[in-house]
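Accompanying notes for the structure given below.
Quick note: the coordinates plus some simple rules give every number you see, no bench work behind them. The model shown is predicted, which means the values in this text are computed figures rather than measured ones. As a convention, Cβ positions derive from the backbone with ideal geometry for all residues, glycine included, and neighbour counts pool all protein chains shown.
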Amino acid sequence: MGAAPASRDVTTYGMGLAVPLALFFLVFFVAPLLQLLWLSLHNDTAGLHWGLGQYLHFLTDPFSLGVLGSTLLLGAEVTAVCLVLGFPIAWLYQRVGPRLQTIIILIVLLPLLTSVVVRTFAWIVILGRQGIINATLQSLGIIDTPLKLLYTQFGVVLALAQVQMPLMTLPLITALGRIDPNLDDASCSLGAGSWRTFFRIVLPLSLPGVIAGCTLTYAAAITAFITQSLIGGGQMLFMPMYLYQQASTLQNWPFASAISIIFLLAVLAVVSVFTTLGRMSRGYGGA
Amino acid sequence: MADAPSGRSLVVDAVTHRYPSGALAVENINLDIKGGEIIALLGPSGCGKTTLLRIIAGFIAQTQGRIIIGDDIVDTLPPNRRAVGIVFQNYALFPHLSISENVAYGLAARGIDKATRQREAQRLLELVQLPAMAERLPRQLSGGQQQRVALARALAIKPSILLLDEPFAALDKNLRLDMQIEVKRLQRVSGITTLIVTHDQEEALSMADRVAVLSHGKLEQFGSPSDVYDRPQTLFVNTFVGSTNRMPGVVVSADRTAAKVRLDAGAEIIARPAGGALAEGGRVTVCIRPEHLQFVGGETGFAGVVGMSLPLGATVVHEVTTADGSGVKVSQARIGETRALENGAAVRLAPLAPSLANAFPATL
Ligand SMILES: Nc1ncnc2c1ncn2[C@@H]1O[C@H](COP(=O)(O)OP(=O)(O)O)[C@@H](O)[C@H]1O
Ligand SMILES: [Mg+2]
């Protein structure tokens with residue numbers, strides 16, 4: 001039995017407290033997932049004949065693979081934009097006074113406080129043919145005919161980046177805040193310029209935040225059904241809309257289930273790459 | 001020897017700094033430090049020590065005054081071009097870099113090649129007696145070892161000035177003594193002009209060639225440890241450095257070298273006007289250290305009643321209540337069998353010598 005009975009009360013937890021959440025997960029997450037898997041393993045829409053036909057169909061169909069590829073690429077682009085724009089904001093946040101910090105945090109959080117539908121329609125107003133950008137450029141005489149911004153990859157990436165920005169900025173702010181400000185000064189007093197300090201000290205030490213931010217932004221961007229469909233319009237198809245069409249419009253539930261499972265596995269693969277990178281970053285310089 | 005004495009002189013010339021918040025952190029500080037000296041900046045928390053250190057290092061641009069290192073006015077140089085080594089209170093080692101990478105960091109910033117860097121890092125780790133730790137991470141080292149690494153890292157860039165901010169505050173007592181000796185040894189070997197910030201007067205007196213005492217951003221006194229301890233120039237220095245009895249009184253007569261003071265405790269004594277000339281009839285505070293008071297016989301000195309006696313090893317400290325109701329401490333060396341004083345015994349006290357009683361104009 002327990003070698004150190006005195007410490008038992010400290011080290012054992014009441015697992016009973018986790019039961020409600022576990023039940024909730026079991027009923028509303030694990031069970032539907034299993035049902036999805038079960039459905040996807042049928043070759044016909046009625047669900048009578050077992051087989052891997054749906055998966056074979058997806059993996060041999062250039063159109064389906066194209067949708068998957070463009071969705072994963074979209075996630076990568078949005079994540080890259082968020083990282084490049086979000087890092088300076090987080091960096092600035094750690095270096096300004098408390099009043100400016102409040103303002104920055106408000107600006108960062110503001111997107112979370114408005115409905116995603118409202119935000120997306122705002123982008124339609126900004127990017128449209130007679131939208132703010134085109135109107136401004138035309139009145140300045142920079143362009144003659146309106147630019148096509150809406151219903152383009154550029155437009156979708158831009159709108160998604162704005163919508164998902166807090167998911168990148170908040171982990172970065174936390175990670176940068178954990179870095180001892182004396183390290184900056186120490187690096188500087190040892191003769192390093194600000195770029196060396198950034199690449200050798202600040203960036204490596206903020207990597208856990210970078211990884212967390214990228215994982216969240218990526219997962220949110222590729223599954224953002226509303227923004228993708230409204231800004232992307234009819235010509236651009238991404239996995240969530242593809243899935244929706246198959247399930248709701250075409251009532252092809254087994255194929256929709258297979259798409260879900262494949263999408264899920266693709267996302268898991270990307271996230272585990274991030275996680276592995278994160279684990280490596282924690283042992284950074286350990287050799 | 002590879003580290004030939006490289007200490008450059010350091011002049012702090014009329015430096016004043018006011019933070020944007022309006023706080024006046026240091027006010028008109030003048031220090032003239034010779035190459036190779038160890039200086040202690042001593043003062044209570046919040047008196048502006050760190051601010052002055054950061055001004056010298058270049059992290060803060062002072063509101064007024066100049067910093068001169070060697071022959072150069074460095075006010076326009078950023079910290080990374082001042083060649084000032086700093087050891088931070090929390091060591092500030094880079095947690096993701098190995099010990100040897102930490103030590104070699106400043107050399108890498110100078111573009112020195114990897115082989116030379118590693119050789120130099122190893123040499124410095126041997127200097128601070130940690131040759132076997134090169135591959136470890138900072139968190140795998142004890143506090144004292146981390147501090148040695150921080151020292152090695154600062155010394156690696158061959159700084160002309162070494163600054164240490166409360167370097168021993170986080171160490172326990174035995175380790176602190178070891179590190180104080182270590183720093184003093186390294187300073188001797190390298191000959192680097194060194195400035196140690198501390199609020200610990202024993203540390204300042206034992207380590208420094210000269211001590212600068214600060215209070216509320218002002219320089220109170222800058223002198224040798226014995227100057228500061230035995231010939232304090234202000235009431236603050238006398239009370240902050242070492243312990244002292246403060247006895248109020250009135251000046252009966254005074255010249256430049258001696259003053260006759262009538263203590264409120266009921267006796268006339270001769271004291272040294274420590275902070276400049278005293279006016280006859282003015283109120284003064286006379287400071288006498290516990291070890292500079294003695295029990296006297298007859299009708300000389302002032303009277304008191306013994307309260308408690310504390311035997312503290314080599315000395316015995318007696319608490320004596322004087323006629324005006326204030327308490328004074330008397331410290332007696334324990335020679336042979338010192339006669340125990342009973343609680344309530346009536347005694348008379350006097351300073352050992354007039355030069356050991358310092359009179360300062362009383363502040364309101
Ligand atoms: N960044 C700052 N902004 C405003 N006031 C400060 C700042 N840093 C220190 N001070 C003030 O300046 C004074 C001196 O502080 P400091 O130099 O840190 O003292 P010490 O190191 O002797 O404890 C204190 O009154 C402190 O409140
Ligand atoms: Mg300080």
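Things worth noting here:
- Across region B:2-146, the relative contact order, built from alpha-carbon pairs under 8 Å that are at least six residues apart, equals 19 percent.
- Of all DSSP beta bridges in region B:243-361, antiparallel share, percent nearest 5: 95 percent
- Note on B:Lys49, B:Lys260: ascending count of other Cβ atoms within 10 Å places them as B:Lys260, B:Lys49, the fewest first.
- For chain B, the Cβ-based charge dipole about the Cα centre amounts to some 760 debye (Lys, Arg positive; Asp, Glu negative; other atoms uncharged).
- Amide hydrogen neighbours beyond the local backbone of B:Ile161, cut-off 5 Å, H modeled: B:Gly85
- Distance from region B:193-260 to region B:262-332 (C-alpha centre basis), Å: 19 Å
- Taking every DSSP beta bridge that has both ends in the protein assembly as shown, the antiparallel portion is near 75%.
- Close amide H partners of B:Leu214, meaning residues 5 or more places away or on another chain with modelled amide H under 5 Å apart, are B:Leu42, B:Gly43, B:Glu220.
- Hydrodynamic radius of region B:10-235 per Kirkwood, over alpha carbon pairs, in Å: 18.0 Å
- DSSP H segments from chain A that extend 30 Å or more along their own axis, Cα-based, with Kyte-Doolittle mean of 0.0 or above: A:62-93, A:153-177, A:253-282
- In this structure, the residue pairs whose Cα-Cα separation is over 29 Å, taken from B:Lys260/B:Lys329; B:Lys49/B:Lys114; B:Lys49/B:Lys329; B:Lys49/B:Lys158; B:Lys34/B:Lys114, are B:Lys49/B:Lys114; B:Lys49/B:Lys329; B:Lys34/B:Lys114.
- Shielding by partners for peptide A:172-180, expressed as the average number of C-beta atoms from other protein chains within 10 Å of each residue's C-beta, is 1.
- Net charge in the neighbourhood of B:Thr116 (other residues with Cβ under 11 Å of its Cβ; Lys, Arg +1, Asp, Glu -1) is +3.
- For B:Leu97, A:Leu23, A:Leu73, the sequence from fewest to most other C-beta atoms within 10 Å is A:Leu23, A:Leu73, B:Leu97.
- Relative contact order [Cα under 8 Å, 6+ residues apart], chain B, whole percent: 16 percent
- Computed over chain A: relative contact order in percent, which uses C-alpha pairs under 8 Å that are six or more apart: 26 percent
- For chain A, the gyration tensor built on C-alpha atoms gives an oblate shape. Its axis ratio a/c (a ≥ b ≥ c) is at least 1.5, and a/b is not larger than b/c.
- Built amide H within the under 5 Å cut-off of B:Asp264, gap 5+: B:Gly249, B:Val250
- For the protein assembly as shown, the average shadow cast by the Cα convex hull is 48.1 nm², which is a quarter of the hull's surface.
- Antiparallel DSSP beta bridges within chain B, as percent of all bridges there, nearest 5: 75 percent
- With semi-axes defined as the square roots of five times the eigenvalues of the C-alpha gyration tensor, the equivalent ellipsoid of region B:231-364 measures 26, 16, 12 Å, largest first.
- Average beta carbon contacts from partner chains per residue of B:87-100, 10 Å cutoff: 5
- Considering helices alone, the calculated mean residue ellipticity of chain A at 222 nm is -22000 deg cm²/dmol, with DSSP H runs of length four and up weighted by -39500 (n - 2.57) and normalised per residue.
- Helical contribution to [θ] at 222 nm, DSSP H n ≥ 4, -39,500 (n - 2.57), averaged over chain B, rounded to 500: -7000 deg cm²/dmol
- Ranking of B:Tyr105, A:Tyr13 by count of other Cβ atoms within 10 Å, fewest first: A:Tyr13, B:Tyr105
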